[in-house]
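Input: a single structure, listed below in structure tokens.
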Amino acid sequence: VAMAHLAWRLAQRWCQSSLQVISFPVVQLHLNRTAMRASQKDFENAMNQVKLLKKDPGNEVKLKLYSLYKQATEGPCNMPKPGVFDLINKAKWDAWNALGSLPKETARQNYVDLVSSLSSSLESSSQVEPGTDRKSTGYETLMVTSEDGITKIMLNRPTKKNALNVEMYHEIMHALKAASKDDSAITVLTGNGDYYSSGNDLTNFTDIPPGGVEEKAKNGAILLREFVGCFIDFPKPLIAVVNGPAVGISVTLLGLFDAVYASDRATFHTPFSHLGQSPEGCSSYTFPKIMSPAKATEMLVFGKKLTAGEACAQGLVTEVFPDSTFQKEVWTRLKAFAKLPPNAMRISKEIIRNREKEKLHAVNAEECSVLQGRWLSDECMNAVVNFLSRKSKL
Ligand SMILES: CCCCC/C=C/C(=O)SCCNC(=O)CCNC(=O)[C@H](O)C(C)(C)COP(=O)(O)OP(=O)(O)OC[C@H]1O[C@@H](n2cnc3c(N)ncnc32)[C@H](O)[C@@H]1OP(=O)(O)O
């Protein structure tokens with residue numbers, strides 16, 4: 001027995017040492033290869049991986065990624081230096097320029113290494129809300145699903161409180177157009193995370209085109225008009241499932257929805273005067289009609305924040321549910337609605353909406369034109385700078 005035991009222990013030790021001898025050079029070889037050079041494929045994979053990061057890695061890391069990407073694809077900084085007031089582009093230029101004559105291959109490798117370290121330290125968005133097939137959406141800022149006769153468009157920038165950046169405006173328009181043609185009976189807009197939406201992403205104001213702030217304001221007004229137009233023209237029942245606080249344009253648009261269900265955690269805030277701005281989303285017309293001119297003034301002019309209960313009492317919200325049962329109760333109800341004959345629902349909505357459509361488009365155009373002027377005002381610029389500097393974005 002003792003001999004057999006000894007033989008067994010010797011065999012074990014031999015195996016372990018052999019494995020060390022065998023495996024070490026293999027690992028070493030692999031490390032040497034990756035340390036030498038990342039392939040174009042590795043680089044592309046890393047670029048895709050960046051898009052999947054759910055948590056924002058912060059401005060410093062984003063600048064590093066930007067500069068390494070530019071260096072890897074274009075070589076040393078070749079952009080004219082932006083002006084001192086063009087803060088965001090100046091920061092990007094500084095980061096790229098600081099890489100000097102770093103070879104493209106090294107920049108590519110550094111980019112791959114940085115993304116790899118981020119992917120392991122930050123949660124990736126492959127951990128999306130259960131039941132959602134991310135691949136089927138193809139959106140960067142939304143999760144769009146279609147089942148039980150309901151197309152659900154979920155705002156998906158929870159770390160930014162679902163603030164609407166330019167990409168999100170475009171994706172929502174795209175998703176609405178697709179939903180208007182798909183075979184679902186109703187369409188729902190909701191938010192992922194604790195907010196429904198914090199409204200317009202205030203960093204939208206920082207990306208100034210070559211034509212300056214005037215061009216920026218003009219483009220913003222064009223985008224806004226087209227965006228709100230999609231809600232005015234949406235042909236099927238459109239329902240808002242307001243899962244949490246709503247700010248700015250995410251509130252004003254509610255006047256164009258066919259029903260609004262809110263959690264009792266939701267609040268409704270349109271701080272336009274505080275931001276040196278003016279109402280949009282046709283709210284200058286829909287809110288006074290829905291809740292009386294004086295109540296609309298309290299919200300749109302004085303920026304009074306409403307609780308879900310108050311918003312319901314004033315007709316902006318259709319019904320409020322306790323947060324603990326909100327999702328269950330609302331979706332049960334929506335699934336029942338979605339079983340109703342879709343053509344009848346569409347035609348009934350058309351009758352209700354058609355009487356107002358022309359007026360709504362005219363209001364939308366006027367609001368956008370007024371806002372275009374507001375965006376150029378000192379009041380607005382100061383408010384945006386205040387927010388961005390509070391959040392260290394400048
Ligand atoms: C082109 C079309 C234009 C349409 C015109 C539309 C007008 C509007 O919608 S006006 C309303 C604009 N929105 C706001 O003024 C809200 C600004 N945000 C806030 O006041 C606060 O962030 C909050 C009350 C919504 C939430 O506060 P808090 O709970 O303290 O959370 P944080 O502030 O730390 O936010 C987390 C994270 O999200 C970023 N963020 C939130 N909202 C926005 C936003 N609207 N724009 C840009 N970024 C936003 C915030 O900066 C934080 O980011 P990090 O610091 O990177 O974590």
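The values are calculated or read from the model by the stated rules, or taken from the named source; none is laboratory data. Worth saying up front: this structure is predicted, and the values here are computed from it rather than measured. Methodologically, a virtual Cβ is constructed for each residue, glycine included, from the backbone with ideal geometry; neighbour enumeration extends over all protein chains shown. The area values use the complete protein model at the heavy-atom level, side chains included, leaving out ligands, DNA and RNA. Shrake-Rupley method; radii C 1.70, N 1.55, O 1.52, S 1.80 Å.
Overall form of the range 40-118: oblate. Here a/c, set by the Cα gyration tensor axes a ≥ b ≥ c, is 1.5 or more, and a/b is not larger than b/c. Rounded to the nearest 20 debye, the dipole size of the range 253-390 about its Cα centre is 480 debye, using +1 on the Cβ of Lys and Arg and -1 on the Cβ of Asp and Glu.
Protection proxy ranking, highest mean first, for peptides 329-339, 359-369: 359-369, 329-339, where packing is the per-residue count of other beta-carbon atoms within 10 Å, averaged.
Here the accessible area of the range 40-118 is 56 percent carbon and sulfur, with a 1.4 angstrom probe and all protein chains present. A Förster radius of 22 Å, combined with the Cβ-Cβ distance separating residue 62 from residue 305, puts the computed FRET efficiency at roughly 0.10. Taking packing as the residue-averaged number of other Cβ atoms within 10 angstrom, the listed peptides 216-227, 272-283, 347-358 run from highest to lowest as 272-283, 216-227, 347-358. Would you please state which residues of the range 64-96 a label at residue 40 would reach in this model, taking the label point 7 Å out along Cα→Cβ and a backbone N cut-off of under 18 Å? So the set is 69-75.
Using a cut-off of 19 Å between Cα atoms, the listed pairs 289/357; 62/92; 305/359; 41/90; 181/236 include 305/359; 41/90 as exceeding that distance. With unit charges on the beta carbon (Lys/Arg positive, Asp/Glu negative), name the residue among 202, 276, 249 whose Cα is farthest towards the positive pole of the charge dipole of the range 142-392. Going by the Cα projections, it comes out as 249. Surface exposure of the range 142-392, expressed per residue as accessible area with a 1.4 Å probe, stands at 44 Å². Within the shell defined by Cβ-Cβ distances under 13 Å, the residues around residue 278 carry a net charge of -3, with Lys and Arg each +1 and Asp and Glu each -1.
Within the accessible area of the range 156-228, the carbon and sulfur atoms contribute 54%, probe 1.4 Å, all protein chains present. Rounded to the nearest 20, the Cβ-based charge dipole of the range 142-392 about its Cα centre (Lys and Arg +1, Asp and Glu -1) stands at 360 debye.
Protein heavy-atom accessible surface, 1.4 Å probe, per residue over the range 40-118: 56 Å².
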